[in-house]
Amino acid sequence: MQLLTSLLLPTYPDPPGPKVAANAVAVANQLGATLDAVVINVDIPDVSNAFSSLLLDLPAKIREVNAASRNCGKALLDAIAVEAGRRKVTLTSQALKAQPAFIGETAAREGRYFDVCMVGWMRDTESIRATAEEVVFSSGRPTLILPGDEDVGTLDHVVIAWDGSRVAARAVADARPFLERASTISIVTVTDEKVLPHEDVGDRLAHGLAARGLPAKAERIHAGDNEIGAALEDHAMRINGNLLVMGGWGHSRIRDFVLGGATEGILSDLRLPVLMSH
């Protein structure tokens with residue numbers, strides 16, 4: 001069955017990083033997948049009145065912002081088309097539009113039609129992070145978060161953050177296309193962050209993956225004084241991992257979404273590609 005991937009690209013107020021096109025096409029190529037590139041341009045409605053038009057020329061400013069968003073979206077699609085042609089990846093593309101408050105929701109809704117969603121990432125860019133969170137927690141699909149300012153390379157050493165939880169199990173199942181193509185799989189359990197269901201949770205997963213013909217080994221680490229997200233990323237990079245697989249944990253408090261410690265840490269300081277499932 002053909003694997004379908006989608007790259008979701010908001011263009012307002014901040015576009016993703018310059019490497020997102022090449023990275024997304026490279027991942028689709030590694031998976032033997034098709035790629036659907038979706039730009040989501042802003043559509044700010046004209047809510048001006050005579051007074052605001054007189055002082056600020058608000059309608060003109062709105063037209064300017066909307067046009068800049070569309071131009072950015074076109075440039076992104078053009079760059080992806082060039083990369084897809086170079087790597088011979090089957091590409092489709094579309095341009096959607098949404099009001100500012102609904103850009104993330106639009107991305108998540110579109111992502112539901114694909115096997116893997118991809119989103120770009122930029123450090124200290126709140127709008128990019130908000131879209132990524134929305135896709136992770138609302139699309140119902142695994143979401144690959146790609147650093148936006150560096151090449152990701154071949155994702156052949158997969159590091160699984162494992163604690164025996166439901167969301168971790170969901171992430172492992174969703175990571176199957178990556179696990180089947182990996183040369184190394186490291187299962188990492190943080191032992192001093194919370195009570196684990198069993199001491200051997202990592203070994204049990206390693207045995208299960210090995211029974212499926214996948215090369216897996218289990219490791220235990222201590223977070224110590226580090227935040228758990230930082231500890232996981234530090235360890236993954238220390239063992240030359242190039243993809244971190246983990247469950248995305250969070251729950252809703254009225255309208256705010258409260259993230260779990262590991263999820264918050266990863267989304268605050270992303271240093272390698274992360275496949276996150278909820």
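Filtering region 183-240 down to residues that are surrounded by 14 or more Cβ atoms within 10 Å (Cβ to Cβ) and among the hydroxyl-bearing types (Ser, Thr, Tyr), which residue is modelled with the lowest pLDDT? Looking at the filtered set, the residue picked out is Thr191. Would you check if Val159 is over 18 Å from Asn242 (Cα atoms), β-branched (Val, Ile, Thr) and either assigned to a helix (DSSP H, G or I) or modelled with pLDDT of 95 or more (or both)? Against the criterion (over 18 Å from Asn242 (Cα atoms), β-branched (Val, Ile, Thr) and either assigned to a helix (DSSP H, G or I) or modelled with pLDDT of 95 or more (or both)), Val159 does not qualify.
What are the residues in region 97-121 that are among the small types (Gly, Ala, Ser), closer than 27 Å to Glu150 by Cα and either touching a Phe, Trp or Tyr at 6+ places or on another chain (Cβ under 9 Å) or in a strand (DSSP E or B) (or both), if any?
Within region 97-121, Ala108, Gly120 qualify.
Within the group Val152, Val82, Val167, which residue is modelled with pLDDT under 95 and out of contact with any Ser or Thr (no Cβ under 9 Å at 6 or more places or on another chain)?
Result of the check over Val152, Val82, Val167: Val152.
When the residues of region 39-64 are filtered to those that are loosely packed, with under 10 Cβ neighbours inside 10 Å and part of a helix (DSSP H, G or I), which remaining residue is modelled with the highest pLDDT? Out of the qualifying residues, it is Leu55. Scanning region 180-191 turns up one or more residues that are over 19 Å from Met118 (Cβ atoms), part of a loop (DSSP other than H, G, I, E, B), hydroxyl-bearing (Ser, Thr, Tyr) and in contact with a His (Cβ under 8 Å, 6 or more places away or on another chain). Going through (1) more than 14 Å from the chain's Cα centre (by Cα); (2) within 22 Å of Asp234 (Cα to Cα) one by one, Gly148 falls short only on (1).
The values are calculated or read from the model by the stated rules, or taken from the named source; none is laboratory data. Everything numeric in this text was worked out from a predicted model, so none of it was measured. Note: ideal-geometry Cβ built from the backbone for every residue, glycine included; neighbour counts use all protein chains shown.
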